[in-house]
Amino acid sequence: MLPEELCAALKEMGEPPFRAKQVFKWLSVPVRSFDEMTNLPKTLREKLEERFFLTAPIVERKQVSALDGTVKYLWRLYDGNHVESVVMRYEHGNTVCVSSEVGCPMGCAFCASTIGGKVRNLAASEILDQVLWAQADSGLKLSNIVLMGIGEPLDNFDNVVRFLKLVNEPDGMNIGMRHISLSTCGIVEKIDKLAALGLQLTLSVSLHAPDNETRSKIMPVNRAWDVDTLLAACRRYFDRTGRRISFEYAMIRDVNDTPYHARLLADKLAGTGSHVNLIPLNEVPESRLRPSTPEAMRSFIATLEKRNINVTVRRKLGPDIEASCGQLRREREELR
Ligand code: SAH
């Protein structure tokens, strides 16, 4: 609940506004039960316990990368479902990558999160929980959030927007929109809906190919909204919000990494000032797709740079604990 909603709910119970503020603060500590809210009268704690419930997840498993200190959490949710989150340590601050759905309906050929499809949306509180509990458990102050874990954030639009408001609250995590990135596979109607909110977050779009033939093969979403339709929505998004889009591009050997793809990508993005973030494909055992060779990467980058496209390569973090992009999953065979 947002502070004003909590205020209204408590008012109905005959409680003054300062109680709502106290409860909201406790929720961000966070706590697992109303009984831990020790500055509330016992009777109020009991009444809250009767009327509401807390979604607080349990750490089913925690893994720390021996290579870079990245931490991955497998959470057990209140209904027995699971999602994962990752805490990454960067010089500009610690970043948490959160999931937005239990599983994913989008079916991208290279991604582990979509195996077995989508089970359900996460509630706004369950997305927020990942930030709160990862910070509490890791002891690391989290200053940045990326919605790049399991699920398609724009497929769970209302809960995700609610989460953004919650995490932005001064009495809560107080994380500003400019410290939040949201990644989408390209649900065009929802990109427009997001644009209309005019939020100052960074929108990342998983492009992965500049042509429909290649993109439709690896991303079923492209059959609903093709490359040009998507790029037109990205332009509208920029016009409406003033925020430049960042394009994610996983480099897949002999699939989307040829000189043809590099040239076409440069053509399509020319003059947009957009940024391309190349992701060397991460291992997903169920998929036969392989990462590009270092030579293919180098030549792809050279082509983009020659055409004045801003390009970076995403650092691979936590590969030893399957914490890298596309490796998060709701089911872990070894824990069954
Ligand atoms: N559903 C959203 C959020 C996921 S973000 C989206 O599609 O954008 C995770 C990013 O990692 C996306 O850009 C996704 O396409 C990419 N990704 C998925 N599998 C990957 C893999 N095996 N290697 C590298 N990147 C991958």
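Using the beta-carbon distance between Asp35 and Lys62 and R0 = 22 Å, what value does 1/(1 + (r/R0)^6) give for FRET efficiency, to the nearest 0.05? Before the final figure, lay out the partial values.
Details: r = 25 Å, r/R0 = 1.15.
It comes out at approximately 0.30.
At Glu91 and Tyr78, where each label point lies 7 Å from the Cα along Cα→Cβ, what is the point-to-point distance in nanometres?
Here the answer is 4.3 nm between the modelled labels.
For the chain, what's the relative contact order in percent, using C-alpha pairs closer than 8 Å and at least 6 residues apart?
16
Counting DSSP beta bridges with both partners in the chain, what percentage is antiparallel, nearest 5?
Expressed as a percentage, antiparallel bridges in the chain total about 45.
Putting +1 on Lys and Arg Cβ atoms and -1 on Asp and Glu Cβ atoms, find which of Val255, Val311, Leu140 reaches farthest to the positive end of the dipole of the chain.
Selected residue: Val311.
Determine, from the Cβ-Cβ distance of Glu283 and Arg120 and an R0 of 30 Å, the FRET efficiency 1/(1 + (r/R0)^6), rounded to the nearest 0.05.
On the way: r = 27 Å, r/R0 = 0.92.
Efficiency for this residue pair is about 0.65.
Using per-residue counts of other Cβ atoms within 10 Å, averaged over each peptide, order 270-276, 178-184 from highest down. Could the numbers behind the result be given before it?
Working: 270-276: 14.9, 178-184: 19.3.
Packing order, densest peptide first, comes out as 178-184, 270-276.
Please calculate the 1.4 Å probe accessible area of Lys42, with all protein chains present, and give it to the nearest 10 Å².
Spelled out: Lys42, probe radius 1.4 Å, area about 110 Å².
In what sequence, highest mean first, do 82-95, 310-323 appear when ranked by Cβ atoms within 10 angstrom? Please list the in-between numbers first.
On the way: 82-95: 19.0, 310-323: 17.5.
Final packing ranking: 82-95, 310-323.
Quick one: accessible surface of Trp26, probe radius 1.4 Å, all protein chains present, in square angstrom to the nearest 10.
Per-residue accessible area (Trp26): approximately 50 Å².
Would you tell me the accessible area of Arg307, worked out with a 1.4 angstrom probe on the heavy atoms of the protein chains, in Å² to the nearest 10?
Rounded to the nearest 10, that gives 100 Å².
Within the chain, which cysteines find no other Cys whose Cβ is under 4.7 angstrom from their own?
By the Cβ distance rule, which asks for a partner under 4.7 Å, the isolated cysteines are Cys7, Cys97, Cys104, Cys185, Cys234, Cys325.
Using only alpha carbon pairs under 8 Å that are at least six residues apart, calculate the relative contact order of region 144-188 and give it in whole percent. Working shown, then result.
On the way: 39 pairs, mean separation 24.1, N = 45.
54 percent.
Does region 31-138 come out rounded, prolate or oblate by the C-alpha gyration tensor, with a ≥ b ≥ c the root eigenvalues, rounded set by a/c under 1.5 and, if not, prolate when a/b is larger than b/c and oblate if not? Spell out each step's value before the answer.
On the way: a/c = 2.80, a/b = 1.48, b/c = 1.89.
Because a/c hits 1.5 or more and a/b fails to exceed b/c, region 31-138 counts as oblate.
Please work out the FRET efficiency for the pair Lys316 and Asp239, using the Cβ-Cβ distance as r and a Förster radius of 45 Å; give the result to the nearest 0.05. Kindly include the intermediate steps, with their values, before the conclusion.
Details: r = 34 Å, r/R0 = 0.75.
Calculated value: 0.85.
With a ≥ b ≥ c taken as the square roots of the eigenvalues of the C-alpha gyration tensor of region 142-294, please select rounded if a/c is under 1.5 and otherwise prolate if a/b is larger than b/c or oblate if it is not? List each step's numbers first, then the result.
Details: a/c = 1.94, a/b = 1.55, b/c = 1.26.
It is prolate, given that a/c is not under 1.5 and a/b is the larger ratio.
Less than 25 Å apart at the alpha-carbon level, and either on another chain or at least 8 residues along: which lysines does that give for Lys11?
List returned: Lys21, Lys25, Lys42, Lys47, Lys165.
Rounding to the nearest 20 debye, state how big the charge dipole of the chain is about its Cα centre with +1 on each Lys and Arg Cβ and -1 on each Asp and Glu Cβ. If you can, show how the numbers build up before the last one.
Values: 45 positive and 43 negative charges, 121 e Å.
Once rounded to the nearest 20, the dipole reads 580 debye.
Where does the chain land at 222 nm, in deg cm²/dmol rounded to the nearest 500, when only DSSP H runs of n ≥ 4 count, each adding -39500 (n - 2.57), divided by all residues? Each step should come with its number before you reach the end.
Values: 10 runs with 114 residues, N = 336.
Computed ellipticity for the chain at 222 nm equals -10500 deg cm²/dmol.
Report the gain in length on full extension from Glu334 to Ala302: 0.36 nm times residue separation, minus Cα-Cα distance, nm rounded to one decimal.
Working: separation 32, 0.36 × 32 = 11.52 nm, distance 4.18 nm.
Between Glu334 and Ala302, full extension yields an extra 7.3 nm.
Just subtract the alpha-carbon distance of Thr229 and Asp192 from 0.36 nm times their residue separation and send over the number in nm, one decimal.
Values: separation 37, 0.36 × 37 = 13.32 nm, distance 1.17 nm.
Contour length minus the Cα-Cα distance gives 12.2 nm.
The values are calculated or read from the model by the stated rules, or taken from the named source; none is laboratory data. Quick caveat, the model's predicted, so the values are computed rather than measured. A quick note on method: Cβ atoms are made from the backbone with ideal geometry, for glycine too, and the neighbour counts reach across all protein chains shown. Areas reflect the complete protein model, heavy atoms only, side chains present, ligands, DNA and RNA absent. Shrake-Rupley method; radii C 1.70, N 1.55, O 1.52, S 1.80 Å.
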